[in-house]
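Novice: Here it is: the structure, laid out below.
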Amino acid sequence: MHSNLSPAAFLIEHQALFDSLPPGPVLDLACGHGRNALYLARKGIPVWCADRNPEALAAIAAIAEAERLPIVCWQLDLEQPDSAPLAGRQFAAIVVCHYLHRPLMPALQAALLPQGIIFYETFLSQQAQIGKPSNPDFLLKPGELKQHFASLQPLHYVEGEHQQPHRFSAQLIARNHAH
């Protein structure tokens, strides 16, 4: 059972930012087994869990039902060519951990409500030296994450080597200051 996986450390460290969000749900994109979504929902924040894995979503839905959590499970393949899965949808915040699909970057920004916040952490190219993932399609170049969201107001940015678990990653938290 994966329910004991703790949420991303940078979400916990910056959880106060969730108090300043506009009204609306949080999107946990490529949510996996839901460690971040469950953490947020247990704080009373409505969360949409998007993932293509039906088994993982079913497990999240079962926990959400048992605990009466405000979670919507959304089975979605984010990498279908010519699809626009987020078109017309708006979220107060978007959380992305350990997932990178570059064609989706503009859609993520467009799906943020005014004053909405993106929380994004994924692997850097140096990760290939110590383990998985090693495919360059899933690894950021130095400075790349910041460039993708350059028009947003950065609230937190750190890039480099992290411990527990040992990884090379970039973390970005940025606010959509569009009105």
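The values are calculated or read from the model by the stated rules, or taken from the named source; none is laboratory data. Everything numeric here is computed off the predicted structure, so don't read it as measured data. Note: ideal-geometry Cβ built from the backbone for every residue, glycine included; neighbour counts use all protein chains shown.
Novice: Out of (1) in contact with an Asp or Glu (Cβ under 8 Å, 6 or more places away or on another chain); (2) more than 22 Å from Leu100 (Cα to Cα); (3) not charged (D, E, K, R), what's the single condition that is false for Ala37?
Specialist: With respect to (1) in contact with an Asp or Glu (Cβ under 8 Å, 6 or more places away or on another chain); (2) more than 22 Å from Leu100 (Cα to Cα); (3) not charged (D, E, K, R), Ala37 is out only on (2).
Novice: Mind checking which residues of the stretch 78-106 are among the small types (Gly, Ala, Ser) and modelled with pLDDT under 90? Full working, then the answer.
Specialist: From the stretch 78-106, those among the small types (Gly, Ala, Ser) are 83-84, 87-88, 92-93; that's our starting set.
Hits for the stretch 78-106 are Ser83, Ala84, Ala87, Gly88.
Novice: Can you go through Arg35, Arg89, Arg68, Arg52 and tell me which one is more than 14 Å from Ile118 (Cα to Cα), of a type in the set (Lys, Arg) and within 14 Å of the chain's Cα centre (by Cα)?
Specialist: Arg35
Novice: Next up: Sort through Ala111, Ala128, Ala150 and tell me the only one that's surrounded by 12 or more Cβ atoms within 10 Å (Cβ to Cβ), small (Gly, Ala, Ser) and out of contact with any helix residue (DSSP H, G or I) (no Cβ under 9 Å at 6 or more places or on another chain).
Specialist: Ala111
Novice: Another one. Regarding the stretch 54-77, can at least one residue be identified that is touching a Pro at 6+ places or on another chain (Cβ under 9 Å), closer than 22 Å to Lys146 by Cβ and modelled with pLDDT under 95?
Specialist: Scanning the stretch 54-77, I find no residue that is touching a Pro at 6+ places or on another chain (Cβ under 9 Å), closer than 22 Å to Lys146 by Cβ and modelled with pLDDT under 95, so the answer is no.
Novice: Further question on the same structure: Which of (1) assigned to a loop (DSSP other than H, G, I, E, B); (2) more than 22 Å from Ala56 (Cα to Cα) is the odd one out, the single condition Pro103 does not satisfy?
Specialist: (1)
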